[in-house]
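Worksheet for the structure shown next.
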């Protein structure tokens, strides 16, 4: 069953975003500032297309290169050909708006203990069989309840809610690329970071438009086999690897998430090859999160990932020379925390989303002074200190 049929079968439960109430303004003032409307669509012309004749266009945003006739949409369902001009239908109308711990993205080497103002629109250019947000990722914007938030308002709300960053997340954020770029232009002068959690399935020119304003990216490297990508996501591998290499070239702080699914991408050969690619192409300093799968969406018949499988992946990563390997979705596991790669001192302790800076000062292990790669300060502020005073 394809994703359109799946939704038509009655499983398209649509999520509305929720916004943590900031201090200060009354509820009436909030209501005047934020509007929530079912199916709100705000067409915005896109630069990422080329005419191909007879009013049809070719989308140039992601590697699918959808050829779209007048009145039709691309695979992601959020871009429409209107009389030969391609429009984004998700500019300024996010359906999910939350204040999250930065560790939820997950970023472990970006402003630990801070909060991130997190947004998503409807739509995605993948159809992952294990998607935990399929209710919005596989929906059109007409099917979701959407906030009306301009890029300036997103920055204002991030400041009002005490966030240190703005995250594009939950669905594939490059499908709202124009909106993300306009938000990102304003973040640094507001003293905020701009981050995203992405599947990395994007063409290089639009990514190049974003990276001058992007501070950090968490990329899902879902597996190291192209066949796995095609079976599980309806995408393919090579563009994701290219995105990771381009982020490295552009100097964007990058972390990787590898969701390990029993019987699908959990073999020793898969993990070894993935770790070696990361080490050889990106570097041993790249944080990698091996994340536990729980049954979701179209894979509800599979069991959760055994913790032993995650521990094996973690051990392989360390053996292959990756200094910062983590285990995710297992709250309280020691491999949630950050250790100095030189002296193995506990630097940052994590239990779920509870984070404590232990032996950490000015981006270094405070025991041996080894630098810990990451982003440890907001624009115009001092480095994070050492909670243990060491």
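A few comments on the model shown:
- Hey, residue 118 closer than 28 Å to residue 298 by Cβ, out of contact with any helix residue (DSSP H, G or I) (no Cβ under 7 Å at 6 or more places or on another chain), in the same structural domain as residue 261 (by TED's automatic domain parsing) and free of Cβ contacts under 8 Å to residues at least 60 places away in the same chain or not: yes
- Some residue of the stretch 316-338 being surrounded by fewer than 16 Cβ atoms within 10 Å (Cβ to Cβ) and within 21 Å of residue 244 (Cα to Cα): yes
- When the helices (runs of 4 or more DSSP H) confined to the stretch 212-285 are screened for residues that are in contact with a helix residue (DSSP H, G or I) (Cβ under 8 Å, 6 or more places away or on another chain), within 27 Å of residue 377 (Cβ to Cβ) and without any contact (Cβ under 8 Å) to a residue 12 or more places away in the chain, none reaches at least 1 such residues.
- Qualifying positions in the stretch 42-91 - in a loop (DSSP other than H, G, I, E, B) and either modelled with pLDDT under 95 or surrounded by 22 or more Cβ atoms within 10 Å (Cβ to Cβ) (or both): 61, 62, 74, 76, 77, 78, 89, 91
- For residue 132, the criteria (1) in contact with a helix residue (DSSP H, G or I) (Cβ under 8 Å, 6 or more places away or on another chain); (2) surrounded by fewer than 23 Cβ atoms within 10 Å (Cβ to Cβ); (3) in a loop (DSSP other than H, G, I, E, B) hold in every case but one, which is (1).
- Put simply, of 245, 264 the only residue that is closer than 17 Å to residue 224 by Cα and surrounded by fewer than 16 Cβ atoms within 10 Å (Cβ to Cβ) is 245.
- Just one of the listed residues (274, 310) is over 20 Å from the mean Cα position of the chain (by Cα) and either surrounded by fewer than 15 Cβ atoms within 10 Å (Cβ to Cβ) or within 18 Å of residue 221 (Cβ to Cβ) (or both), namely 310.
- Residue match in the stretch 164-172 (condition: closer than 20 Å to residue 105 by Cβ, in contact with a strand residue (DSSP E or B) (Cβ under 7 Å, 6 or more places away or on another chain) and in a helix (DSSP H, G or I)): no
- Residue in the stretch 191-213 that is touching a strand residue (DSSP E or B) at 6+ places or on another chain (Cβ under 8 Å), surrounded by fewer than 22 Cβ atoms within 10 Å (Cβ to Cβ) and at pLDDT 95 or above present: yes
The values are calculated or read from the model by the stated rules, or taken from the named source; none is laboratory data. Just so it is clear, the structure is predicted and the values come from calculations on it, not from any experiment. When we count neighbours, we look across all protein chains shown, and the Cβ atoms used for this are built from the backbone with ideal geometry, even at glycine.
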